[in-house]
Amino acid sequence: MKREWMGAARLGVVLFLLYLAIHYWGTLSSLLLLGLGAAFPLVLGAVIAYAVNILMSLYEGWYFPDTKSPFVIKSRRPVCLLLAFASLIAIVFLLIRMILPELLECTLVLIQEVVPMLEKLSENLDLSQFFSISSTALADGSINWKEVIASITQWLVKGVGGVMGSVLSLVSATVSTAFTAVVSIIFSIYLLLGKEKLGRQISLVMKTYLKPAWYSHLVYFLETLHSCFRRFVVGQCTEAVILGLLCMGGMMLLRFPYASMVGALIGFTALIPVAGAYIGAGVGAFMIFTVSPFQSLFFLIFIAILQQLEGNLIYPKVVGSSIGLPGIWVLAAVTIGGGVLGIGGMLLAVPLAAALYQMLRVDVARRNAPPSPPSAQESTEE
């Protein structure tokens, strides 16, 4: 009887909390967004730590793995962590070095074309119309100069105020972004240096407050999710390098301008599953358009063919096989994730779908497995 009352009490509490969540959803969502915004540097730091850990673990496997020297063992984590961050910084610097010079050159070409156009346009404009002053009023002198000066002054004050507001907003956003980046990197370093200790503490807390069956299921789910995310990141980077090299080689072969810059840009944007190459293709087509509109059209045709090859052959094979997810489900996950959460949804949907697919496959195989025959001891006891 006591158990029935306890079950009814728990159900009542759950229903009451559900009612509060639905009735005060606006306030609750505002509080959740406020908390998420306050914790964003820490969340970003955890994401950075997870990505850097893949490279750091690779370096740790190469850093004298069989040695018994206390100095080498003690220095393995800091040295490999430093090498991982240095490698990422070097990759970013190389990308900027390949993209920025040609981007500046394209911008200068564009400015050289736009400036004469603006000069020609200004010659055809009647500036008196800007202040709503007709040529007749200028001729007979019936202009209220006080109103004109007041309107000009008001326009200048608004313009200066808008510029100052924009400058302050830019400075504030820059400082906030820099603070977030510094806090995130520091937090990621702390996580990476003490990841084993942190993992033991989390495991101890889960063992303490969860039932053994729940704990084993949760550990299995987290291990599967980690394995799929890790293989997804590695496969996605491999696919991005392949696509960038194919694009650069094809552009050089077809004698398109800005081959190295556009190839690096498309390889970088290809980190976004399936649709990322189109983002880089748009920028590349615009840059090539400043040199030759016809080549820009041919470039779009080339990118369309390359994207079909990448989306239907390279991506499902490289990324799909690395995470154990068939190509059709990769495309389905990218489509659904992008429709729900945009670019972030595309990045999260594929490894999540891979983890669910793997756990579902294991569970289906377990449920459909034929029952094992009884052992000889069990038969004797019966």
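The values are calculated or read from the model by the stated rules, or taken from the named source; none is laboratory data. Keep in mind that what you see is a predicted model, and the values were worked out from it rather than measured. Glycine also receives a Cβ, built like all others from the backbone with ideal geometry; neighbour counts cover every protein chain displayed. Side chains included, ligands, DNA and RNA excluded: accessible areas come from the protein's heavy atoms. Shrake-Rupley method; radii C 1.70, N 1.55, O 1.52, S 1.80 Å.
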Point to revise | Checking LEU191 against (1) loosely packed, with under 12 Cβ neighbours inside 10 Å; (2) in contact with a helix residue (DSSP H, G or I) (Cβ under 9 Å, 6 or more places away or on another chain); (3) closer than 24 Å to LEU82 by Cα, the condition it does not meet | key: (1)
Practice item. Could you please let me know if TYR50 is over 16 Å from VAL183 (Cα atoms) and in a helix (DSSP H, G or I)? Key: no
Review point. When residues of segment 55-95 are filtered for being assigned to a helix (DSSP H, G or I) and open to solvent by less than 90 Å² (accessible area, probe 1.4 Å), how many remain?
Key: 25
Exercise for review: For segment 9-28, state whether one or more residues are modelled with pLDDT of 85 or more, out of contact with any strand residue (DSSP E or B) (no Cβ under 8 Å at 6 or more places or on another chain), surrounded by 11 or more Cβ atoms within 10 Å (Cβ to Cβ) and not hydrophobic (A, V, I, L, M, F, W, C).
Suggested key: no
Point to revise | Near pairs, Cβ below 6 angstrom, 6+ apart or cross-chain, from segment 263-288 (within 17 Å of GLY250 (Cβ to Cβ)) to any residue that is in a loop (DSSP other than H, G, I, E, B) and at pLDDT 80 or above | key: MET287/TYR258; ILE288/PRO257
Review point. Taking segment 198-251, which residues are assigned to a helix (DSSP H, G or I), open to solvent by 40 Å² or more (accessible area, probe 1.4 Å) and among the charged types (D, E, K, R)?
Key: ARG200, LYS207, GLU223, ARG230, ARG231
Exercise for review: Please list, ordered by first then second residue, the pairs with beta carbon atoms under 8 Å, 6 or more apart or interchain, first in segment 57-83 and farther than 23 Å from ARG231 by Cα and of a type in the set (Lys, Arg), second outside any helix (DSSP H, G or I) and modelled with pLDDT under 90.
Suggested key: ARG76/TYR63; ARG76/PHE64
Review point. Could you give every pair whose Cβ atoms fall below 9 Å, whose first residue belongs to segment 243-260 and is closer than 13 Å to SER296 by Cβ, and whose second residue is open to solvent by less than 30 Å² (accessible area, probe 1.4 Å) and of a type in the set (Phe, Trp, Tyr), counting only separations of at least 6 or pairs across chains?
Key: MET251/TYR258; MET251/PHE299; LEU254/PHE299; PHE256/PHE299
